[in-house]
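Notes to accompany the following structure.
The numbers here are math on the coordinates, done by the rules we state, and not lab data. Computed from a prediction, not measured in an experiment: that's the story for all the values here. We place every Cβ from the backbone using ideal geometry, glycine too, and count neighbours over all the protein chains shown.
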Amino acid sequence: MKAIRVHQFGGPEELKLEEVPDLKPAAGQILVALHAAGVNPVETYIRSGSYAALPDLPYTPGGEGAGVIAALGEGVQGHHVGDRVYLAGSLTGTYAEAALCSSDQAHFLPSRVSFLKGAAVGVAATTAYRALFQRGGGQMGETVLVHGASGGVGTAAVQLAKGAGLRVFGTAGSEAGRAVVRKAGADEVFDHSDPNHFQAIDEATKGHGVDLILEMLANVNLDGDLRLVAKFGRIVVVGNRGRIEINPRDAMLREADIRGMLTGHASEADRIAIHQGLGQALEKGQLDPLMGGEFPLAQAAAAHEAVMAPASMGKIVLTT
């Protein structure tokens, strides 16, 4: 089979398409014939060698994809050969024609959802669901602000929140990005490059503030978030790229919470709940991943460049 291999850390040119031995599932493992694989910024950090935890070389990148179960290892239950699945994690990497995964990494993909869109679920939608419901405690009738809503996590959060009955605000820094956020279903959309956008959002809430904020760039926005969040509100830090100075009194005055999150910290019970929720949202059409670009497997280097481009919006995927 064909797979992308990285033999040394470095630039996108280190992503090499190679012929590798076919995979066979051991006990407890599932072999999935992949139709598509999701591409994420974290995979560029790992490839460059700048990420905190690095794999042994050589390796095949990727942790999400979608395809059909081709074989089952001994003892696997609840899955069948021929099942359509999306992967949230992999044992061998998903930038390949096939991948091995554990039984808890493969999740049913409804027939109404394409493999391309299925490949967009594993990282972005999982992160959005955990931030919105498990860490953020979002409830029907509340107002949620997705700050930086035009990317894969942001658009998934907008869709999931809308499906759960929240009033959804979203921000983006370009007109194209704001169009994407509107397409995802946000009730109101704001330009986060406008220095007055916090005031505009507060006015839209009639001074109540925002009950829940999903923050994708805390080092830029957290100080403003603390003045915008409602009394007893929550700010979930999904992304951050540096330090910021804040006034803790803003949190005191509102009895507001700042909550960090990492999807990798989810318990087994949390993970089960996440994928049950995502499965229902996919089945109902409440989650419909927005696509940002499609590249053949051989063009993985171009996909890595695209996912890190400043104007990147929606999900980048590789096809086999």
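The figures follow:
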{"quantity": "From the coordinates shown, mean projected area of the Cα convex hull in nm² corresponds to which of (i) 19.5; (ii) 15.6; (iii) 14.5", "calculated": "(ii)"}
{"quantity": "Theoretical FRET efficiency, 1/(1+(r/R0)^6), r = Cβ-Cβ of Glu294 and Ser103, R0 25 Å, to 0.05", "calculated": "0.30"}
{"quantity": "Charge sum, other residues only, whose C-beta stays under 13 Å from Ala172's C-beta, Lys/Arg counted +1 and Asp/Glu -1", "calculated": "-1"}
{"quantity": "Table column - 3J(HN,Hα) (Hz), region 114-121, Karplus curve with 6.51, -1.76, 1.60, x for Gly and Pro", "calculated": "5, 5, 4, 6, x, 5, 9, 8"}
{"quantity": "In region 50-87, the chymotrypsin sites (Phe, Trp or Tyr not before Pro) that fall in loop regions by DSSP, at most 16 other Cβ within 10 Å", "calculated": "Tyr51"}
{"quantity": "Cβ-defined net charge surrounding Gly10, 12 Å radius [Lys, Arg +1; Asp, Glu -1]", "calculated": "0"}
{"quantity": "Relative contact order [Cα under 8 Å, 6+ residues apart], region 114-191, whole percent", "calculated": "26 percent"}
{"quantity": "Low-density loop cleavage sites - trypsin sites (Lys or Arg not before Pro) in region 1-70, where at most 14 other Cβ are within 10 Å (DSSP)", "calculated": "none"}
{"quantity": "Sorted peptide list for 176-186, 129-139, 105-115, criterion being average Cβ within 10 angstrom, highest first", "calculated": "129-139, 176-186, 105-115"}
{"quantity": "Hull shadow area, averaged, region 101-233 [alpha-carbon convex hull, nm²]", "calculated": "8.9 nm²"}
{"quantity": "The chain, helix-only ellipticity at 222 nm - DSSP H runs n ≥ 4, -39,500 (n - 2.57), divided by all residues, nearest 500", "calculated": "-8000 deg cm²/dmol"}
{"quantity": "Gaussian network model of the chain, springs between alpha carbon atoms under 10 Å - residue of Ala53, Ala230, Ala281 with greatest fluctuation", "calculated": "Ala53"}
{"quantity": "Order by protection proxy (mean Cβ within 10 Å, highest first), peptides 285-293, 303-311", "calculated": "285-293, 303-311"}
{"quantity": "For Val229, distant residues with modelled amide H under 5 Å away", "calculated": "Val210"}
{"quantity": "Amide hydrogen neighbours beyond the local backbone of Asp83, cut-off 5 Å, H modeled", "calculated": "Ile69"}
{"quantity": "Per-residue HN-Hα couplings for region 164-181 [Karplus 6.51, -1.76, 1.60; θ = phi - 60°; Hz; x = Gly/Pro]", "calculated": "8, x, 8, 7, 10, 9, x, 10, 7, x, 9, 5, 4, x, 5, 5, 4, 5"}
{"quantity": "Contact order normalised by residue count of the chain, Cα under 8 Å, 6+ apart, percent", "calculated": "18 percent"}
{"quantity": "Cα-based Lys pair tally, the chain, threshold under 25 Å, eight or more apart or on separate chains", "calculated": "21"}
{"quantity": "Average Cα contact separation per residue, region 124-264, under 8 Å, 6 or more apart, as relative contact order %", "calculated": "22 percent"}
{"quantity": "J(HN,Hα) series, region 273-283, from Karplus relation 6.51 cos²θ - 1.76 cosθ + 1.60, nearest Hz, glycine and proline x", "calculated": "5, 4, 6, 5, x, 5, x, 5, 5, 5, 4"}
{"quantity": "Peptides ranked, highest mean first, by Cβ atoms within 10 Å: ranges 79-85, 246-252, 162-168, 270-276", "calculated": "162-168, 270-276, 79-85, 246-252"}
{"quantity": "Cβ charges +1 (Lys, Arg) and -1 (Asp, Glu), total dipole of the chain, debye", "calculated": "400 debye"}
